[in-house]
C-alpha cells in the first residue's frame, strides 16, 4: 500500500515528531511511504532520511477575522491545492495521510474527482469560529475522508454538532519511543552542570513551542509567587518560537521576567535536541496550556521519571490521573499553579510515587509499538497485518478532582 504523507509546513513541532516516528517504524513489507512537505524548514531533511520526499509550497492559512488576510490565505490554499493535485496524480497513492486539519482540507480539495482515500490526522482543537463549521462540513460532505484524532477530546471537538461525523473519527492516542525517554543515571547531573545549577536546587521547567497557547507567560507570573516560598528555585523555559508572531511573544516573556525581578531565576534555553536529559534535570515539569490537544511532552516526561504538573486541558486528563501518576489543576488559575508547585516540591515521598506510577502508565499505554499497531490496523481494517497485539486499553478514569493529596 502506497501512502503519501502530506505536511503543510516544513517546520518540526509535535505533529511532525510523531510523523517521523511513524516513518521510522512503518512496516515496509506492507506499506510504501512517500513524504510531501515544503522545503523551508527542517522537516524535509529529517524525513528524507526515512522515505522518499517531494517538495510543495508551504500553506499560509490560519484562523482570522480580517477579510484581507482571509483573501490572502484563500489564494495560498488554492495555489497549494493545485500543486498537491499534480503530485498526487504523479505518485498515485492508495492513501493520503494529511498530517493536520489544514493539510486535510488541502488534500481533500486537491483530490476532488480522483477518488483518493484521504486521512486527516487531527492534532488540534478547533476554536469557536465560523471557519470551524466550514471545516467540519467539508470533512462531512466528502465520503472519501476519515479522521484520526490524537485524543478523544480532539475527536469530540472536531465532530462537534455533526453527529454522523463521529463515526468517521477515531482516537488513536499518541505514542513515543520508550528507549529515547527513560531514566538516566547521569542526565540530571550533566545538564545541571551545563546550566550552572546547584545539584540540590529546586528546578521547575516547561518544554514546548514558545507561543501564547502554551502559557509560558502565566507560568512566569506564577513563578514569582513560588519564589516567595522557595527563594532558590529556578525556572527553565525550553523551546523556541516557530510560527506567526511568536517571536513577539518570546520577547514579552523575557521582558516580563525582567520586570518582575526574575531575570536571574528564569533561564531561556531555546530549542534543545536533548529534551529527555533536560526533563530529568527538572524536579517538576509544568504543562500550562490553555488548549492542549494531547500533551506529547507529558508522556515524554513521565517516561523519564519526571513528575508532571498540568492544567487539565484537552487531552491531558486522558493521560494523567490526578494524585496517582501526575497532578492536575484547573486551567488558567495562576494561584493554583503556584500553590501546586510549592506543594509538590515540598513532598518528596509523594513526588517519588507519582514519578513511579507515571513511568508505569506510559510503558503500558503509550509505546510506539502500541501506536503503530493501531495506526496500521486503521490503514488496513480488512487486511491481516500479522502484527502482535499490544496493550491498547483506554484511560479508565477521566474524572477530575483538584483536591490536594499528600503522602
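Would you mind stating whether residue 132 is surrounded by fewer than 20 Cβ atoms within 10 Å (Cβ to Cβ) and closer than 25 Å to residue 213 by Cα? Walk me through how you get there before you give the answer.
On the way: surrounded by fewer than 20 Cβ atoms within 10 Å (Cβ to Cβ): yes; closer than 25 Å to residue 213 by Cα: yes.
It is true that residue 132 is surrounded by fewer than 20 Cβ atoms within 10 Å (Cβ to Cβ) and closer than 25 Å to residue 213 by Cα.
Among what's in the range 114-123 and is modelled with pLDDT under 95 and in contact with a helix residue (DSSP H, G or I) (Cβ under 7 Å, 6 or more places away or on another chain), pick the residue that is surrounded by the most Cβ atoms within 10 Å (Cβ to Cβ). Going through the qualifying residues, I end up with 116. Against the criterion of being at pLDDT 95 or above, loosely packed, with under 14 Cβ neighbours inside 10 Å and touching a strand residue (DSSP E or B) at 6+ places or on another chain (Cβ under 9 Å), residue 90 qualifies.
Apart from one condition, residue 328 fits all of (1) farther than 19 Å from residue 177 by Cα; (2) without any contact (Cβ under 8 Å) to a residue 60 or more places away in the chain; (3) in contact with a helix residue (DSSP H, G or I) (Cβ under 8 Å, 6 or more places away or on another chain); the exception is (2). Looking at (1) in contact with a strand residue (DSSP E or B) (Cβ under 9 Å, 6 or more places away or on another chain); (2) at pLDDT below 95; (3) part of a loop (DSSP other than H, G, I, E, B), which is the only condition residue 161 fails? Unmet condition: (1).
Given the condition in contact (Cβ under 8 Å) with a residue 12 or more places away in the chain, in a loop (DSSP other than H, G, I, E, B) and out of contact with any strand residue (DSSP E or B) (no Cβ under 9 Å at 6 or more places or on another chain), answer yes or no: does some residue in the range 356-365 qualify? Within the range 356-365, not a single residue is in contact (Cβ under 8 Å) with a residue 12 or more places away in the chain, in a loop (DSSP other than H, G, I, E, B) and out of contact with any strand residue (DSSP E or B) (no Cβ under 9 Å at 6 or more places or on another chain). Take the conditions (1) free of Cβ contacts under 8 Å to residues at least 40 places away in the same chain; (2) part of a helix (DSSP H, G or I); (3) in contact with a strand residue (DSSP E or B) (Cβ under 6 Å, 6 or more places away or on another chain); residue 71 misses just one of them, which is (3).
Going by the conditions given, is residue 201 over 26 Å from residue 22 (Cβ atoms), surrounded by fewer than 17 Cβ atoms within 10 Å (Cβ to Cβ), in contact with a helix residue (DSSP H, G or I) (Cβ under 9 Å, 6 or more places away or on another chain) and in contact (Cβ under 8 Å) with a residue 24 or more places away in the chain?
Working: over 26 Å from residue 22 (Cβ atoms): yes; surrounded by fewer than 17 Cβ atoms within 10 Å (Cβ to Cβ): yes; in contact with a helix residue (DSSP H, G or I) (Cβ under 9 Å, 6 or more places away or on another chain): yes; in contact (Cβ under 8 Å) with a residue 24 or more places away in the chain: yes.
For residue 201, the condition - over 26 Å from residue 22 (Cβ atoms), surrounded by fewer than 17 Cβ atoms within 10 Å (Cβ to Cβ), in contact with a helix residue (DSSP H, G or I) (Cβ under 9 Å, 6 or more places away or on another chain) and in contact (Cβ under 8 Å) with a residue 24 or more places away in the chain - is met.
The set of residues from the range 126-149 being at pLDDT 95 or above and either part of a helix (DSSP H, G or I) or over 15 Å from residue 166 (Cα atoms) (or both) is empty. Of all the listed residues (338, 303, 311, 356), the sole one being surrounded by fewer than 16 Cβ atoms within 10 Å (Cβ to Cβ), at pLDDT 95 or above and assigned by TED's automatic domain parsing to the domain that holds residue 287 is 356. Among the candidates 84, 119, 106, the residue that is assigned by TED's automatic domain parsing to the domain that holds residue 38, under 21 Å from residue 146 (Cα atoms) and not in a helix (DSSP H, G or I) is uniquely 119.
Being at pLDDT 95 or above, within 14 Å of residue 94 (Cβ to Cβ) and part of a strand (DSSP E or B) is a condition met by at least one residue of the range 22-32. Taken as a whole, the structure places residue 297 among residues that are assigned to a helix (DSSP H, G or I), closer than 26 Å to residue 184 by Cβ and in contact (Cβ under 8 Å) with a residue 60 or more places away in the chain.
So, residue 184, is that one under 26 Å from the mean Cα position of the chain (by Cα) and assigned to a helix (DSSP H, G or I) or not?
Working: under 26 Å from the mean Cα position of the chain (by Cα): yes; assigned to a helix (DSSP H, G or I): no.
When the stated conditions are applied, residue 184 does not pass them.
Residue 234 passes every criterion in (1) buried (at least 19 other Cβ atoms within 10 Å of the Cβ); (2) farther than 24 Å from residue 191 by Cβ apart from (2).
Selection within the range 168-181: residues that are part of a loop (DSSP other than H, G, I, E, B) and in contact (Cβ under 8 Å) with a residue 40 or more places away in the chain. The member of this set that is surrounded by the fewest Cβ atoms within 10 Å (Cβ to Cβ) is 180. The numbered conditions (1) farther than 30 Å from residue 131 by Cα; (2) out of contact with any strand residue (DSSP E or B) (no Cβ under 9 Å at 6 or more places or on another chain) are all true for residue 166 except (1).
The values are calculated or read from the model by the stated rules, or taken from the named source; none is laboratory data. These figures come from a predicted structure and were not determined experimentally. FYI the Cβ positions are ideal-geometry reconstructions off the backbone, even for glycines, and counts take in every protein chain you see.
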